[in-house]
Every structure is written in C-alpha cells, then in structure tokens.
Amino acid sequence: MEEFNAMFLIWLIHVGIAAALSAPIVFFGRKRVHWRSWELLTLVLPFCTWLCLDQSELSLGKSLANLGEPFFFSLAIPVAALVRVAVGTKVNEKIFAGVLIAVLCGVAAAVFFVVPSLPE
C-alpha cells in the first residue's frame, strides 16, 4: 500500500507540473483547436507507460532516485499542447491528438531508457 501511495503522489506531482504549464496554452489556444475530454489521457498514459517499465524486469539496477523521471516527461506535455495549437485545424484534429498522445508515451519510454540508474 505504501508503494501505491508513493506512486500516486508522484503521479499527482507529475500532473500538477504538466497541468500548470499546459493550462495557459490550452486556454489561449481554445479558438484555434477543439479540445476534447479524452485528450486528458495525456496526463495518464505516459505515466502508465513509464510505470509499467519501472515495475518490469527492465528496471533492475534503478534506485529510488530514479522516481524523479516522470518530472522530465511532464515537461513534454505542454510542448505537445503547443504543437497542437500551432498546427491547429490544418490536419484531422482527432488523429493528430491521438498521435501526440502516442508520442508522449514514446517520450516517457525514452526517458526511462535514457536516464541511467541514479545513486540514492
């Protein structure tokens, strides 16, 4: 139960960082793109991707210091929102939003594999 609480707290901090940085972009870009509620998965799916990798056998050798990795890819979420606003309605919005979510999951996986095992 302690591990669940710790991961939930890390996720909440991750969401707080991503939401605080993305909120102005979403607010000011609301006339250029049509935001949908399912796009909030950008706050969940990349973290779930990272968490699955962290709980797998691939994380052998990683320490508690590596629990800061989600904060790196939480910075990618406002960048994706900015790209979404910049592209606007030039492409199919639903497909582009889905592609951006997949890219964010890839960024989360890349962060997992690129960040070495950090000493505690």
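The values are calculated or read from the model by the stated rules, or taken from the named source; none is laboratory data. Small disclaimer: the values here were computed from a predicted structure and weren't measured. Reconstructed Cβ throughout: ideal geometry from the backbone, glycine too, with neighbour counts over all protein chains shown. The accessibility values were calculated without ligands, DNA or RNA, using every heavy atom of the protein model including side chains. Shrake-Rupley method; radii C 1.70, N 1.55, O 1.52, S 1.80 Å.
Things to note:
- Residue match in segment 18-34 (condition: farther than 15 Å from Ala110 by Cβ, open to solvent by 40 Å² or more (accessible area, probe 1.4 Å) and among the polar types (S, T, N, Q)): no
- When Leu40, Leu9 are checked against the criterion of being out of contact with any Phe, Trp or Tyr (no Cβ under 7 Å at 6 or more places or on another chain), farther than 17 Å from Ala81 by Cα and open to solvent by 90 Å² or more (accessible area, probe 1.4 Å), a single residue qualifies: Leu9.
- Hits in segment 111-120 - residues which are surrounded by 12 or more Cβ atoms within 10 Å (Cβ to Cβ) and part of a helix (DSSP H, G or I): Val111, Phe112
- Among residues of segment 98-112 that are farther than 16 Å from Val83 by Cα, those with a beta-carbon under 9 Å from a residue that is of a type in the set (Asp, Glu) and part of a helix (DSSP H, G or I) at least six positions away or on a different chain give the pairs Ala108/Glu69; Val111/Glu69; Phe112/Asp54; Phe112/Glu69.
- From Ala108, Ala81, Ala65, residue being within 18 Å of Met7 (Cβ to Cβ), modelled with pLDDT of 95 or more and either small (Gly, Ala, Ser) or open to solvent by 30 Å² or more (accessible area, probe 1.4 Å) (or both): Ala108
- So Glu2, is it open to solvent by 50 Å² or more (accessible area, probe 1.4 Å), among the acidic types (Asp, Glu), under 27 Å from Leu118 (Cα atoms) and without any contact (Cβ under 8 Å) to a residue 60 or more places away in the chain: yes
- Scanning segment 39-57 for residues that are over 20 Å from Ala6 (Cα atoms) and either of a type in the set (Val, Ile, Thr) or touching a residue at least 40 places away in the same chain (Cβ under 8 Å) (or both) yields Glu39, Leu41, Thr42.
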